[in-house]
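Student: Here it is: the structure, laid out below.
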Amino acid sequence: MSRRRGGGGAEQESTSQDWVATLADEVIAAHEKEDPDGARAIVCASGLSPSGPIHLGNLREVLTPHLVADEIRRRGIACEHLISWDDFDRYRRVPKGVEGVDDSWAEHVGKPLTSVPPPRGSEYANWAEHFKAPMIDALERLGVPYRGISQTEMYTSGAYVEQTLLAMRERSRIDGVLGRFRTRKNAETADSDDDGEGDDGVDPDEAPFDEDLAGSASGEYFPYKPYCGACGTDETAIVAYDDATTEMTFTCACGSSQTVLLREFTRGKLVWKVDWPMRWAYEGVDFEPSGVDHSSPGSSYEVGGLLVSEIFGGRQPIGPMYAFVGISGQAKMSSSKGGVPTPSSALEVFEAPLLRWLYARRRPNQAIKVAFDAELHRLYDEWDALSRKVAAGTTGAIETLGHARSVATAERTLPTTPQPVSFRTLTSVVDVTTGDPEQLGRLLSGLVPGDPEEPVTLDDLQPRLGCAEHWVEHYMPEESHTRLLAAPDTALVESLDDTDRESLRLLLDGLEQDWSLDGLTSLVYGVPKIQAGLPMDTKPTDELKASQRRFFVLLYRLLVGSDTGPRLPTLLLAAGPDAVRRQLRM
RNA sequence: GGGCCUCUAGCUCAAUGGGCAGAGCAUCGGACUUUUAAUCCGCUGGUUGUGGGUUCGAGUCCCACGGGGCCCA
């Protein structure tokens, strides 16, 4: 890891950088140009709107700047990561499928997110806090340090008063900039759902609120939207504003009307397209990515780039666009749990470094997929293979970087599983033992080649074991489960011929002579040998193999009702002697 | 209508500042006293969507066209 600080720049030596290092180079170079003395720390920023569950797409909004900031800090350069909680945004609609929420929340549409009651049963004070909380927890577990800024706090404390007054003074210039992107056709239907953070975007409904033309009751443009003092919503329109006194009068759809001094008034905010560049300037943001929805002409990113310099005297941050994050595999309960998988729900089945790796290994403009289905197994396999290669020193520079960024940050190392048993194996074992710790322990100690002095404990398998347990319970397809039959298949038992009956008797007789993986292994393979009159150490012939196979199929049918299943020693050990006897008794 | 992204082995995808096109899975062959979507070894597999251009050199950069996805209108 290079730790150089560009005295005169010109360090182009390496071609083995990943996208994170390349972006960090750019950010550092741009920052140096502007602030040669390095008096000001570099600022990377994210914006999150807690208008509903914060999903895995939003996580990219955070992890992209996080990785860049982390790289900058690893180089010993001061860098701060801001997360702006856009919790002063208007409540746009009632999200579907959120537990504890019904249509009655519609009456809060138009209020700030921090003024909307949380879902029923929530321990949090309001809507925004309720949805921020799991994200805050996930960021902690992912090792993301940041400074959170509540926009509600900023606006209501008057932090942005000067900027607000400036924007109002300059309203006609702002209007002009916005106008460059308005086509004659859509001048009346501007985008109201443009909150900049890829807010799930599904908003096919209702009359959009025209933000570009906010509050233009008089036909004049105002870049500011007050919340009504009576009903609390932003269904307001400014009817008069005086630059000298900052006296502002506005009316509301609820019928009320208010006259305030804007230099003292704090229940309102700049419209999004003006708000964003104002904050770039206010915080001195050097890096902030944005979702693909900003690739369109006239997007808030493009417009903001003009406004930040023309109005607010700032500079547009470096800001790559990141592509969408796809999801495969759904939680069984997803519809009742609010639909979209969130970072917290992902961390129930992904080890934290693995989830970081998904976001670190691809450039932001590449679409990525977070898998909750069986592809998760492959992902774990890939990750384990990478970890082994890194440990052996056989990886390329870029792979090594991706791994390093995932397992640790500049500040700390994230928890890893000491004994990374294959996720596939873990889920299968958890499934057949139905999570019983004693059986789990027996099976896993047989699977993990452990030092007899220091036997493997279940703790050595954490946190992965917990992920496997959660996956089996919530994501494993019903048909993939191995379920012991609840009662003997008497019809099948009665139809057995003498040879089959004898084989079952032999198995049951020997069952508890050596109740262990090894003992059961030699037993199940030995039964057909005994029947054929062969010694136990006989090498298998084709004929013997065939009879073994027949025997196994019989056992599978009697135990789980199908022709195949988990390895029989594993299955028998997991089932326990009582259940085995119950199913095989003649 | 405008914009962004994408197209690489049968499948899923790598190749991240132009420098010998690579993995996993699948197939096939071999090994294995252990059946499972087991493990190990090996083989096969390619006109990098199409056509041009820049370059000593292009999957990579530029232009056009075609397929797919997304955003905005």
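The values are calculated or read from the model by the stated rules, or taken from the named source; none is laboratory data. Model, not experiment: these values are computed from the prediction. Here the Cβ positions follow ideal geometry from the backbone for every residue, glycine too, while neighbour counts run over all protein chains shown. We work out accessible area using only protein heavy atoms, side chains counted, and drop any ligands, DNA or RNA first. Shrake-Rupley method; radii C 1.70, N 1.55, O 1.52, S 1.80 Å.
Student: Would a scan of the stretch A:95-109 turn up a residue that is within 19 Å of A:Lys225 (Cβ to Cβ) and in contact with a strand residue (DSSP E or B) (Cβ under 9 Å, 6 or more places away or on another chain)?
Tutor: Looking through the stretch A:95-109, at least one residue is within 19 Å of A:Lys225 (Cβ to Cβ) and in contact with a strand residue (DSSP E or B) (Cβ under 9 Å, 6 or more places away or on another chain).
Student: Please identify the pairs in which a residue from the stretch A:389-413 that is open to solvent by 40 Å² or more (accessible area, probe 1.4 Å) has its Cβ atom under 7 Å from the Cβ atom of a residue that is charged (D, E, K, R), counting only partners at least 6 apart or on another chain.
Tutor: Correct list of pairs: A:Ile398/A:Asp18; A:Ala410/A:Asp70; A:Ala410/A:Arg73; A:Ala410/A:Arg74.
Student: Could we say that A:Val325 is open to solvent by 10 Å² or more (accessible area, probe 1.4 Å), β-branched (Val, Ile, Thr) and more than 21 Å from A:Ala29 (Cβ to Cβ) here?
Tutor: Considered against the rule, which asks whether it is open to solvent by 10 Å² or more (accessible area, probe 1.4 Å), β-branched (Val, Ile, Thr) and more than 21 Å from A:Ala29 (Cβ to Cβ), A:Val325 comes out as yes.
Student: Tell me the helices (runs of 4 or more DSSP H) entirely within the stretch A:496-586 that contain at least 3 residues that are within 11 Å of RNA strand B (Cβ to nearest atom).
Tutor: Answer list for the stretch A:496-586: A:517-531, A:542-560, A:568-575.
Student: Return the pairs, sorted by first residue and then second, in which the second residue is away from RNA strand B (no atom under 15 Å from the Cβ) and open to solvent by less than 20 Å² (accessible area, probe 1.4 Å), the first residue lies in the stretch A:344-367 and is within 16 Å of A:Glu469 (Cβ to Cβ) and acidic (Asp, Glu), the beta carbons are less than 9 Å apart, and the residues are 6+ apart or on different chains.
Tutor: Cβ pairs passing all conditions: A:Glu348/A:Cys467; A:Glu351/A:Leu414; A:Glu351/A:Thr417; A:Glu351/A:Arg464; A:Glu351/A:Cys467.
Student: Tell me, which residue of the stretch A:294-312 that is within 16 Å of RNA strand B (Cβ to nearest atom) and assigned to a loop (DSSP other than H, G, I, E, B) is surrounded by the most Cβ atoms within 10 Å (Cβ to Cβ)?
Tutor: Among those residues, the one meeting the criterion is A:Ser299.
Student: Then there's this: Within the group A:Ser516, A:Ser522, which residue is closer than 25 Å to A:Leu444 by Cα and free of Cβ contacts under 8 Å to residues at least 24 places away in the same chain?
Tutor: A:Ser522
Student: Yes or no: the stretch A:428-440 includes at least one residue that is at pLDDT 75 or above and open to solvent by 30 Å² or more (accessible area, probe 1.4 Å).
Tutor: yes
Student: Please pick out the residue among A:Ser562, A:Ser516, A:Ser480, A:Ser547 that is over 27 Å from A:Arg424 (Cα atoms) and hydroxyl-bearing (Ser, Thr, Tyr).
Tutor: Of the residues listed, the single one that is over 27 Å from A:Arg424 (Cα atoms) and hydroxyl-bearing (Ser, Thr, Tyr) is A:Ser547.
Student: Quick one: how many residues across the stretch A:68-94 are part of a loop (DSSP other than H, G, I, E, B), closer than 21 Å to A:Glu26 by Cβ and touching a Leu at 6+ places or on another chain (Cβ under 6 Å)?
Tutor: 0
Student: I'd like the full set of residues that are at pLDDT below 90, surrounded by 13 or more Cβ atoms within 10 Å (Cβ to Cβ) and assigned to a helix (DSSP H, G or I), limited to the stretch A:31-48.
Tutor: Listed by number, the list holds a single entry, A:Glu32.
Student: Can you name the residue in the stretch A:20-43 that is within 14 Å of RNA strand B (Cβ to nearest atom) and in contact (Cβ under 8 Å) with a residue 60 or more places away in the chain and is also farthest from A:Ala397 (Cα to Cα) among such residues?
Tutor: Restricting to residues being within 14 Å of RNA strand B (Cβ to nearest atom) and in contact (Cβ under 8 Å) with a residue 60 or more places away in the chain, the top hit is A:Ala30.
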